[in-house]
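Visitor: Below are the structure tokens for one structure; questions will follow.
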Amino acid sequence: MTLPQDLTAKTAENPTLTTSKLTHIAAEKTGINYTDTNAPASDSIAAEASSFLRKNLPQGILKQSGVLKFDPKLNRLLAALPSSELDFLSSYLKLIYLPLGESLYVPGIPLTHAYFPINCVVSMHYVTETSASTETASAGNEGMVGIALVMGGDSTPSSSTVVIAGYAYKIESHLLKRALTQNDALQRLLWRYIQVLITQISQTAVCNRHHTIEQQLSRWLLLNVSRLSTNELTITQELVASILGVRRESITQAASNLQRAGLISYRRGHISLLDRHGLEKWACECHKVMQTELKRLLHDAD
């Protein structure tokens, strides 16, 4: 479900949102219908909105009563920059909402922006001539989307699509390139992140070839809940199957096995982690390798 167009536009224009607007956004997310986006929310909608916001918005966003501000430091890459360097870059950043299914990049088309996710997840995937697709990497609040711009490329042969909706900061490609020439700390940090992505791509290839569907699903779930402030993911099994490049029936069976083991619960469009520690034991080593490399490289950048 996407946001009303007027709210999406206002969100894209402004880095702050009143709690009244957020109430309506949350109401849309929770499936409660309303017709007048300018009218005050009812108590029931406000309660649903409050519950949704507590579960889905990262800690540290609410800065003052009545106004919601999104700190760029909610993105771990941006948070790793020295304060002076981040202040410099912030003048180029623009807050936007990325709805589920939003296509950020398509093969061969010039990249106009790069993105620093806050509480969304973007899948980088390759679509074959037969329309089959598999995820090669993904980015959440630990990284950025559009790394080709850092390496001097203006397009990619793969696609990038939002698989978990949320907020991100975007920057125009020419402004990012300008910032890289003026900001040594940013340049060093993004080169380190390239190594993180290389690790993720190689581990994903190993995982897809040598590990069971249950292990692949466990790795994917652990990776994405680590990016969010909730243990619940709003995503369908059909979309997870497409991301992992397997049949939907395989994901249904794997999810059933994990649910019987008491590790997750799922209902249509929602997967909840019940036992993260248990899921880590069930998963292969790929998730640990990815997280260890990310922590090492970000720590070295501090």
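Visitor: Sort out for me the strands (runs of 3 or more DSSP E) sitting completely within the stretch 75-131 that have 3 or more residues that are touching a strand residue (DSSP E or B) at 6+ places or on another chain (Cβ under 8 Å) and open to solvent by less than 20 Å² (accessible area, probe 1.4 Å).
Guide: 94-98, 113-117, 121-127
Visitor: Pull up the stretch 132-153, narrow it to residues that are under 12 Å from the mean Cα position of the chain (by Cα) and among the aliphatic types (A, V, I, L, M), then point me to the one that is surrounded by the fewest Cβ atoms within 10 Å (Cβ to Cβ).
Guide: Ala137
Visitor: Let me ask something additional. Have a look at Leu217, Leu258, Leu298, Leu221 and point out the one that is in a helix (DSSP H, G or I), at pLDDT 95 or above, over 19 Å from Thr136 (Cα atoms) and not hydroxyl-bearing (Ser, Thr, Tyr).
Guide: None of the other options fit; the residue is Leu258.
Visitor: Another question, then. If the requirement is being under 18 Å from the mean Cα position of the chain (by Cα) and aliphatic (A, V, I, L, M), which of these qualifies: Val206, Val196, Val246?
Guide: Val196
Visitor: Cβ-Cβ below 8 Å, separation at least six or inter-chain, first residue in the stretch 116-132 and more than 19 Å from Tyr169 (Cβ to Cβ), second of a type in the set (Val, Ile, Thr): which pairs?
Guide: His125/Thr134; His125/Thr136; His125/Thr161; His125/Ile243; Tyr126/Thr134; Tyr126/Thr136
Visitor: Taking only the stretch 255-302 into account, find how many residues are touching a residue at least 40 places away in the same chain (Cβ under 8 Å) and more than 23 Å from the chain's Cα centre (by Cα).
Guide: 4
Visitor: When you check Leu149 against the structure, is it closer than 25 Å to Thr204 by Cα and touching a residue at least 24 places away in the same chain (Cβ under 8 Å), yes or no?
Guide: In short, yes.
Visitor: Hey, can you tell me all the residues within the stretch 224-237 that are outside any strand (DSSP E or B) and open to solvent by 30 Å² or more (accessible area, probe 1.4 Å)?
Guide: The answer is Ser226, Leu228, Ser229, Asn231, Thr236.
Visitor: Report the residue count in the stretch 133-173 for those that are of a type in the set (Gly, Ala, Ser) and not in a loop (DSSP other than H, G, I, E, B).
Guide: The number of residues fulfilling the criteria is 10.
Visitor: I've got another one for you. Ile201: within 17 Å of the chain's Cα centre (by Cα), of a type in the set (Val, Ile, Thr) and not in a loop (DSSP other than H, G, I, E, B), yes or no?
Guide: yes
Visitor: Those residues that are more than 14 Å from Asn224 (Cβ to Cβ) and either surrounded by 14 or more Cβ atoms within 10 Å (Cβ to Cβ) or at pLDDT 95 or above (or both), I need them from the stretch 281-295; list them, please.
Guide: Trp282, Cys284, Glu285, Lys288, Val289, Glu293
Visitor: Moving on. Name the residues in the stretch 193-203 that are farther than 16 Å from Val145 by Cβ and either surrounded by 17 or more Cβ atoms within 10 Å (Cβ to Cβ) or touching a residue at least 60 places away in the same chain (Cβ under 8 Å) (or both), would you?
Guide: Residues satisfying the conditions are Gln195, Thr199, Gln203.
The values are calculated or read from the model by the stated rules, or taken from the named source; none is laboratory data. The shown structure was predicted, so the numbers you read here are calculated from the model rather than taken from an experiment. Because the Cβ atoms are built from the backbone with ideal geometry, glycine has one as well, and the counts that use them run over all protein chains shown. Note: areas computed on protein heavy atoms with side chains; ligands, DNA, RNA excluded. Shrake-Rupley method; radii C 1.70, N 1.55, O 1.52, S 1.80 Å.
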